[in-house]
């Protein structure tokens, strides 16, 4: 269904979540492979938006709209992707747990990052905001995650990122996970100082970072 694939891609580029939902439903009903939708519509569209964002042609509102469209589309195709991967004895790319740390309820940046990572083919579980550190670690253990992604906008919440890394160290779990951090006040220098595996100044860089950490570049 090349026409639907193109229409889905354009809905992602335009940040039109309703069009994305309608066209993804039509494509799945017509028997389109969900991985074709992911690879040829969602990922391509997200990459185009990312390139425009980096060139200054798109701004945060456009990125947020694309994030909503991606999330809506992924909610429809993820069950079909998981079913097909299970039948083939394979799995999606790396499992990522993402959360805004405890005491912080900001989620705009986290939501965009989660959507962009999902569109890039990663298995992303968004735990929401104000999530206790032990809860994040327990879920990472339960789901056999590969990466823990932490977000914080408030400078008063940022130390909890280091606390989580310290908890992983104390429990002998640090080597099991790549830990990435992000937020308006997070710098590469600060991320390095707490022992994180990296940061990105925006969702586009976050996707690039995860691809590098997982060997997908």
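The values are calculated or read from the model by the stated rules, or taken from the named source; none is laboratory data. Values in this document were obtained by computation on a predicted structure and should not be read as measured data. A quick note on method: Cβ atoms are made from the backbone with ideal geometry, for glycine too, and the neighbour counts reach across all protein chains shown.
Taking residue 62 as the residue in question, decide whether it is surrounded by 16 or more Cβ atoms within 10 Å (Cβ to Cβ) and under 23 Å from residue 184 (Cβ atoms).
Details: surrounded by 16 or more Cβ atoms within 10 Å (Cβ to Cβ): yes; under 23 Å from residue 184 (Cβ atoms): yes.
For residue 62, the condition - surrounded by 16 or more Cβ atoms within 10 Å (Cβ to Cβ) and under 23 Å from residue 184 (Cβ atoms) - is met.
Would you confirm whether or not the stretch 82-89 contains a residue that is free of Cβ contacts under 8 Å to residues at least 60 places away in the same chain, more than 13 Å from the chain's Cα centre (by Cα), closer than 20 Å to residue 12 by Cβ and in the same structural domain as residue 38 (by TED's automatic domain parsing)?
No, the conditions are met nowhere in the stretch 82-89.
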Item to complete: Output the residues belonging to the stretch 130-159 that are modelled with pLDDT of 95 or more, more than 30 Å from residue 36 (Cα to Cα) and surrounded by fewer than 18 Cβ atoms within 10 Å (Cβ to Cβ).
Response: 130, 132, 134, 135, 138, 141, 159
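What do you reckon, is residue 98 outside any helix (DSSP H, G or I) and surrounded by 23 or more Cβ atoms within 10 Å (Cβ to Cβ)? Walk me through how you get there before you give the answer.
Working: outside any helix (DSSP H, G or I): yes; surrounded by 23 or more Cβ atoms within 10 Å (Cβ to Cβ): yes.
When the stated conditions are applied, residue 98 passes them.
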Worksheet item: Given the residues 77, 12, 21, 96, which is the only one that is assigned by TED's automatic domain parsing to the domain that holds residue 164 and closer than 30 Å to residue 130 by Cβ?
Response: 96
Discussion item. Whether any residue in the stretch 144-157 is farther than 30 Å from residue 61 by Cβ, within 16 Å of the chain's Cα centre (by Cα), touching a residue at least 24 places away in the same chain (Cβ under 8 Å) and part of a loop (DSSP other than H, G, I, E, B) is what I want to check.
Written reply: yes
Fill in: Some residue of the stretch 119-134 being out of contact with any helix residue (DSSP H, G or I) (no Cβ under 8 Å at 6 or more places or on another chain) and in a helix (DSSP H, G or I)
no
Item to complete: Those residues that are over 14 Å from the mean Cα position of the chain (by Cα), touching a residue at least 24 places away in the same chain (Cβ under 8 Å) and in a helix (DSSP H, G or I), I need them from the stretch 177-212; list them, please.
Response: 190
